[in-house]
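First the structure, in the form of structure tokens, and then the observations on it.
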Amino acid sequence: MSIIDDDSSDIGPTGPSKLESFLFSCELSSKVPFYTFQGDEEEDLEHFLELRTVCLGEGAKEENNVVEVTAMNHQGKTISVPIANLHIKCLPMVSLGEFELKAPVTIRLKAGTGPLTVSGLHLIASQVEECDLSDEDDDEEDEDEEDIPAIKPAKKKQRQQQQQQQQQQQ
């Protein structure tokens with residue numbers, strides 16, 4: 001899934017950005033208690049992790065499973081925050097909405113043995129060059145012109161217009 005984001009908040013010093021999204025999922029358990037999400041090291045790309053759900057898997061025990069994330073805050077300091085406390089009998093799944101974090105992000109099973117699945121979207125933002133954006137706009141305008149049929153007035157109004165034209169001609 002790839003889109004051009006038209007929000008003015010995304011326009012930076014070099015212009016608007018292109019946002020691509022890809023499905024993300026990782027499984028945590030006592031055998032694999034953490035996962036670190038990192039983006040590519042390319043300068044013109046920004047990687048984000050948008051967490052959506054945390055769900056206990058098959059074979060989860062009757063125990064609390066606490067999931068925490070470690071990422072940078074607005075001051076550039078690394079902080080850890082618990083995001084879910086799951087139990088098979090009362091809360092086997094939690095929806096996080098659109099919990100977005102900038103890479104790198106570490107997801108850790110802080111308590112419990114799992115297994116549990118964390119899912120969401122891997123978002124990649126890149127700057128769009130002006131020529132790329134204008135080409136896409138031209139293509140969209142051409143498509144819009146072809147897709148929109150001519151608007152025809154209602155039949156009653158058409159008859160009235162025809163009658164008026166005939167009267168004017170006489």
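The values are calculated or read from the model by the stated rules, or taken from the named source; none is laboratory data. In this text, all values refer to a predicted model and were calculated from it rather than measured experimentally. A quick note on method: Cβ atoms are made from the backbone with ideal geometry, for glycine too, and the neighbour counts reach across all protein chains shown. What goes into the accessible areas is simple: the full protein's heavy atoms, side chains included, and nothing from ligands, DNA or RNA. Shrake-Rupley method; radii C 1.70, N 1.55, O 1.52, S 1.80 Å.
Using a probe of 1.4 Å, the accessible surface attributed to residue 121 totals some 40 Å² when neighbouring protein chains are kept in position. Summed over the residues of segment 46-119 and divided among them, the accessible surface reaches 54 Å² per residue at a probe radius of 1.4 Å. Residues 88, 83, sorted by accessible area with the largest first, give 88, 83 [1.4 Å probe; ligands and nucleic acids excluded].
Using the Cβ-Cβ distance between residue 73 and residue 93 with R0 set to 25 Å, the FRET efficiency from 1/(1 + (r/R0)^6) comes to roughly 0.40.
Projecting label points 7 angstrom from Cα along Cα→Cβ for residue 66 and residue 43 puts them 4.3 nm apart.
For segment 52-105, the set of GluC sites (Glu not before Pro) satisfying both a DSSP loop assignment and a count of at most 16 other C-beta atoms within 10 Å is given as 58, 62, 63.
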